[in-house]
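These notes are about the structure you will find just below.
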Amino acid sequence: MPVSRRTLLPRPSKTASLTATALVAACASLTTACGVIPGSTGGSREDPVTVMTWAPEKTKATNKPGIPAMAQAYARWVNANGGLDGHKLKVITCNDHNDPVGAADCARKAVDLEVSAVVGSYSQHGQSFLSPLQVAGIPYIGGYGVTDEEFSSPLSYPVNGGEPALMAGNGRQLAARCERVSLVRPDTIAGDDLPKLLDAGLAEGHRKPSSDIRASEDGTDFTSQAEQALERAGTGGCVTAALGERTDTFYDSYRRTEDAYPPAKISSVLGSVDQSLIDRTGGGNGPYEGAYITGWYPAASDARWDEMREAIRQQAFGDNRIDPTDAGVQTTWIAYTVLRQAVESLDGGEVSARTLRRALDQGLKVQTGGLTPTLSWRFKDMLAASDFPRLVNANVTFQTVRDGRLAPARKGFVNVSKTLERVR
């Protein structure tokens with residue numbers, strides 16, 4: 001941290017003092033002419049809190065349009081109800097195009113616009129976007145959790161356990177049900193971490209490591225991967241896929257292939273399979289009936305989501321980008337809940353990247369209405385795992401598809417802290 005040095009300036013002349021007094025008077029009478037530093041509110045509730053939310057859209061692989069759409073709907077909803085502690089919320093969105101250059105461009109835009117935080121976003125390119133944010137001191141609140149950097153950067157404040165918790169939890173869920181497990185996952189840098197996480201969960205149930213089967217992130221036919229998965233799973237085995245939007249494409253290939261192999265149970269994680277996908281593919285008569293699904297939060301039908309659903313109904317009814325059962329939309333809602341409580345904790349003081357970081361670092365306890373445990377980012381709240389030092393919420397939920405609906409397979413949350421601490 002640079003050391004501040006005191007600079008002694010010449011005493012102003014009487015004329016200069018009068019000029020300064022006149023300028024202050026002018027600013028007092030013309031508040032629109034003399035603004036505060038961009039990106040801060042200067043303590044005035046008349047100034048907006050400006051943040052950014054980004055996600056990939058209109059790409060050949062992963063697309064998360066519901067995330068920026070939910071952020072904008074949240075801004076309309078909160079502004080219609082008094083704002084953030086009296087401040088109007090202004091949300092700027094950005095498309096990271098699912099590539100490192102796009103992610104870096106979004107981060108540089110956030111820096112140039114001097115936003116107070118980046119909130120509820122999704123990107124697979126943590127190295128590209130977190131470096132510019134760190135240099136500028138901008139906090140990254142409630143990212144989706146798909147990159148390692150989100151769980152190591154001191155400016156990241158995750159609200160869930162990300163892909164690490166989902167995959168470790170999926171291993172725990174399947175260990176009780178499957179003799180062998182085949183994992184179909186993206187052939188990407190982010191995908192390379194998934195097998196060891198799944199295997200850590202399987203090991204707790206005294207199961208052997210999974211068969212790791214790589215697939216193209218933007219593939220259109222997965223027959224080869226489906227054949228490998230079924231052959232390696234064998235009788236009494238399970239096939240789990242974590243391919244994001246391409247998961248249904250994989251299971252379509254799986255359905256055309258499975259009759260030639262012993263029957264296997266299927267599984268996935270929320271974000272790859274959600275209620276809207278189950279509905280589109282036939283509900284209770286579709287291929288996902290009986291599937292095992294691991295999530296971060298309570299099932300989408302849970303009453304704890306009612307406030308989010310009401311906000312969507314009021315401010316985004318008919319916007320088909322926003323699916324309340326989507327894990328990205330849900331995470332964005334929780335991330336903005338953190339922002340709201342962080343602003344309120346400043347009690348009318350300046351809202352800026354610096355003051356938000358300070359509030360979060362000094363032990364702010366965020367309540368999410370039971371959607372997560374109480375969230376806090378003090379050192380003692382963080383997981384004792386060298387790979388995920390910023391992880392504060394290691395809870396997952398075990399769900400299953402029953403009569404076409406995602407339903408709890410086990411009551412309450414399952415904490416996978418110890419599982420993650422053993423990942424090597």
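A few notes on this one:
- Principal-axis analysis of the Cα atoms of the chain puts helix 306-316 at an angle of about 70° to the longest axis.
- Rule-of-thumb Rg ratio for the stretch 316-424 [Cα; 2.2 N^0.38 Å; N residues]: 1.29
- Annotation: amide H-H contacts under 5 Å for Leu84 (H modelled 1.01 Å from N, sequence separation of 5 or more, or interchain): Leu89.
- Taking the longest Cα principal axis of the chain as reference, the axis of helix 162-175 is set at about 20 degrees.
- Angle in degrees between helix 223-233 and the longest Cα principal axis of the chain, rounded to the nearest 10: 70 degrees
- The alpha-carbon of Lys418 sits under 15 angstrom from the alpha-carbons of these aspartates and glutamates, leaving out residues fewer than 8 places away in its chain: Asp199, Glu204, Asp381, Asp387.
- Pairs of lysines in the stretch 38-112 (C-alpha under 24 Å apart; 8 or more residues apart or interchain): 7
- Dividing the helix sum by the residues of the chain, where each DSSP H run of 4 or more adds -39500 (n - 2.57), gives a mean residue ellipticity at 222 nm of -11000 deg cm²/dmol.
- Relative contact order for the stretch 143-187, counting Cα pairs under 8 Å that sit 6 or more residues apart, in percent: 28 percent
- Across the stretch 126-142, computed HN-Hα scalar couplings (Karplus, 6.51 cos²θ - 1.76 cosθ + 1.60, θ = phi - 60°) run x, 4, 6, 9, 7, 4, x, 5, 5, 4, 8, x, 8, x, 10, 9, x Hz from first to last residue, x flagging Gly and Pro.
- The stretch 221-307, accessible surface, carbon-and-sulfur percent (1.4 angstrom probe): 42 percent
- Counting only residues at least eight positions apart within a chain, or on another chain, the lysines with an alpha carbon under 19 Å from that of Lys365 are Lys380.
- Accessible area ranking (1.4 Å probe, heavy atoms, ligands and nucleic acids excluded), largest first, for Ser253, Ser128, Ser301: Ser301, Ser128, Ser253.
- For the stretch 299-368 and the stretch 43-76, distance of Cα centres in Å: 12 Å
The values are calculated or read from the model by the stated rules, or taken from the named source; none is laboratory data. Computed from a predicted structure; not experimentally measured. Remember, those area values only see protein heavy atoms, side chains included, never the ligands or the DNA or RNA. Shrake-Rupley method; radii C 1.70, N 1.55, O 1.52, S 1.80 Å.
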